[in-house]
Structures are given as structure tokens and as C-alpha cells.
Amino acid sequence: MPWVYTRQAVALGLILGFIASLYKDKIKQSFIFFLLALLFHESALIASVLYLRNIVGLLSIKRLALYFVILSLSLLVLYFLYYERLYYLVNVYFFEKMKSSGALIRILLNFLSIFFLLIFYSRWQKIFHDFIFWLPFAVISIFLLFFAIITGATTIADRLLLYFYPIQIVVFTRLQLLLPYGYLRFAYALFVIVLYLAVLLVWLFFAVHRNSWMPYNNLLFVM
């Protein structure tokens, strides 16, 4: 049902603010976004791994300890508030191995962007200088891919991967700048358009739960 994703959609939006703040080394601002995201959906916790590289070295030992204490207390409070729900989620998503039919395709899209990121590493680093920032996105995406394949619990991997989709946006838009001018750039742009159009059309015509999402009501349909 569409409403199931509402809380996580809000959490995802806040995590995008978290990532943008972290990218600009605004640690306090990113921390606020992160805590707000946790209040909307517990799955946002996985985004905390992005702090491992970015927060160390930017803060003093005292501030680092303070953030750790605040985060630990926040997680403790969330644990007591959502204990029953967390137990339910772990049981359903992990032990019962809930499956999502399109999960592997969505995970592979992230994997494809990571492949391009690694292939063009030297040119990427020369122009953008932020390869290390996006490296955790790559590591977690690869981990979730193997986790989904080995355990068969594709839904939990699919839900957690939502917070690492920005690597697709960054890589697929920037990659065109790393290619030579001319037909190669045009071919690449066409490839990306066709790829995402194919994903959308497959979901639109063959998804198991598409009837829960379609048709979308908007002003054009109403008029």
C-alpha cells in the first residue's frame, strides 16, 4: 500500500539533507537531519555508517565523544520506544526472509554506478576530488547485494538501499563529464535514459503490487 512508504519517504528526504550537510562538512547540521530521520523511520540508522569516514578527523576528541554519547542515548530511547516494532521487523524481514521481486534489479543499478565509479576513478578524483566521500556508498551497496543473494532476504536489503541511491544520481550525471565530447556522450546519455525507462515500464506493466499504486490521481485526471 502507498501509505506504508510514507514514513520512510520522509526519512529518506531528511537523509538527503544529512548527506548534503555531511558533504559540506557541516557535522552539527547533518547530525540534526540524521536524528530527525530516525524519528520517522528506524531504517535510517544505516546511514550512520557514513559518519565513520567523515566525522573522524573533522572533530576534536571531546566533540567526537559528545556526539557519540548523544547518539547512543538517542538510539537507546528509540530502542525502548520501538522495541516491539523492531522485534517484528527483524522477524519478518530477516528470519522469514520477506522477498521483493524487483529488489535485485534496484540493487544492481547501484552496483552499476559503483562499477563506473571505480572504472573512472583517476579522472573522477582529478576533477571532483570526492571519491572517498562516495566510497562508503559503494561498500554498503556491494554488501547489501551479497547479503540479498546469500540470505534471500531481499526486502530488507531493498529498504536499506534506499538511503544509498544518491550514488546513482551523482555517478550517472557526472559520468557524462568524464567522457570525450561527441557521439560517446550522446550514446551514454541515451543509455541512461533507456535504462531507467525500461525499469519504469517493467514495474508499470509487470509489478506484483502495481495496482496498489496506480492510477495516480492528479488535477489533469480530475479535470
Among 158, 130, which is within 21 Å of the chain's Cα centre (by Cα), closer than 27 Å to residue 19 by Cα, surrounded by fewer than 17 Cβ atoms within 10 Å (Cβ to Cβ) and among the charged types (D, E, K, R)?
130
Do any helices (runs of 4 or more DSSP H) entirely within region 1-114 hold 3 or more residues that are modelled with pLDDT of 85 or more and on the phi < 0 side of the Ramachandran plot, and if so, which?
6-23, 27-40
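Quick grid of which residues meet (1) surrounded by fewer than 18 Cβ atoms within 10 Å (Cβ to Cβ); (2) in a helix (DSSP H, G or I); (3) in contact with a strand residue (DSSP E or B) (Cβ under 6 Å, 6 or more places away or on another chain); (4) modelled with pLDDT of 85 or more:
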residue	(1), (2), (3), (4)
126	yes, yes, no, yes
145	no, yes, no, no
150	yes, yes, no, no
163	no, yes, no, yes
167	no, yes, no, yes
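Of the residues that sit in region 101-124 and are β-branched (Val, Ile, Thr) and more than 15 Å from residue 137 (Cα to Cα), which one is surrounded by the most Cβ atoms within 10 Å (Cβ to Cβ)?
Ranking the qualifying residues of region 101-124, first place goes to 105.
The values are calculated or read from the model by the stated rules, or taken from the named source; none is laboratory data. Because the structure is predicted, anything quoted here is derived from the model rather than measured. Cβ atoms come from the backbone with ideal geometry, glycine included; neighbour counts cover every protein chain shown.
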